[in-house]
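The structure appears below as structure tokens.
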Amino acid sequence: PFPTQYGATLVSPKKHIEHIARDLNKEEYIKLQELVYIITKAVGKAVNPERMYVASFGSQQMNKHVHFHIIPIPSAVSIREQQMASMMPEIVGMLELEKDEWDELEQRIKRELKF
């Protein structure tokens, strides 16, 4: 909802899951991670970053649903704007694109998806 990097993508199961280890069996977890991997590869091919971050954050107070952030980091980004900082709008700012730019990015990622 608050993208900070070009190509930032959120992967969230349709089924409501609050805790990975408690709410998923091993096979479901592996299937979810496979999906995260496939989407991470597609985003990487679409935007050609120097590095890809995959993170799962959440809070019982704010967002009780398991989700994964896929964050592409372009080349030459200062170390001060990498890792956790790369997802913090107060540090790196919000990504602002026009609707047609969002649509084009979406299509680039979708073209790379291989299921």
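The values are calculated or read from the model by the stated rules, or taken from the named source; none is laboratory data. Source: prediction; values computed, not measured. Neighbour counts are summed over all protein chains in view; Cβ atoms, including those assigned to glycine, are modelled from backbone coordinates with ideal geometry. Note: accessible area is taken over every heavy atom of the protein model, side chains too, but ligands, DNA and RNA are not part of it. Shrake-Rupley method; radii C 1.70, N 1.55, O 1.52, S 1.80 Å.
Each residue in segment 99-108 was checked for being basic (Lys, Arg) and exposed (fewer than 11 other Cβ atoms within 10 Å of the Cβ), and 1 of them qualify.
Within segment 1-37, the residues that satisfy the criterion of being outside any loop (DSSP other than H, G, I, E, B), open to solvent by 70 Å² or more (accessible area, probe 1.4 Å) and either at pLDDT below 90 or closer than 29 Å to LEU95 by Cβ (or both) are LEU10, ALA21, GLU34, TYR37. Please list, ordered by first then second residue, the pairs with beta carbon atoms under 9 Å, 6 or more apart or interchain, first in segment 92-115 and within 18 Å of ILE71 (Cβ to Cβ), second open to solvent by less than 80 Å² (accessible area, probe 1.4 Å) and polar (S, T, N, Q). Note: pairs meeting the criteria are VAL92/THR4; VAL92/GLN5; VAL92/SER86; GLY93/THR4; MET94/THR4; LEU95/THR4; LEU95/GLN5; ILE109/THR9. Would you mind stating whether ARG80 is open to solvent by 80 Å² or more (accessible area, probe 1.4 Å), in contact (Cβ under 8 Å) with a residue 12 or more places away in the chain and assigned to a helix (DSSP H, G or I)? In short, no. If you scan segment 38-77, which residues turn out to be surrounded by fewer than 17 Cβ atoms within 10 Å (Cβ to Cβ) and among the polar types (S, T, N, Q)? Correct list: ASN48, SER56, SER59, GLN60, GLN61, ASN63, SER75.
Candidates ILE70, ILE109, ILE91: the one that is β-branched (Val, Ile, Thr), modelled with pLDDT of 90 or more and either in a loop (DSSP other than H, G, I, E, B) or in contact with a Leu (Cβ under 9 Å, 6 or more places away or on another chain) (or both) is ILE70.
Scanning segment 83-93 for residues that are of a type in the set (Gly, Ala, Ser) and surrounded by 15 or more Cβ atoms within 10 Å (Cβ to Cβ) yields ALA85, SER86. Scanning segment 13-34 finds no residues that are closer than 19 Å to LEU105 by Cα, touching a residue at least 40 places away in the same chain (Cβ under 8 Å) and not hydroxyl-bearing (Ser, Thr, Tyr). Evaluating GLU96 against the criteria (1) open to solvent by 80 Å² or more (accessible area, probe 1.4 Å); (2) part of a helix (DSSP H, G or I); (3) at pLDDT 90 or above leaves one unmet condition, (2).
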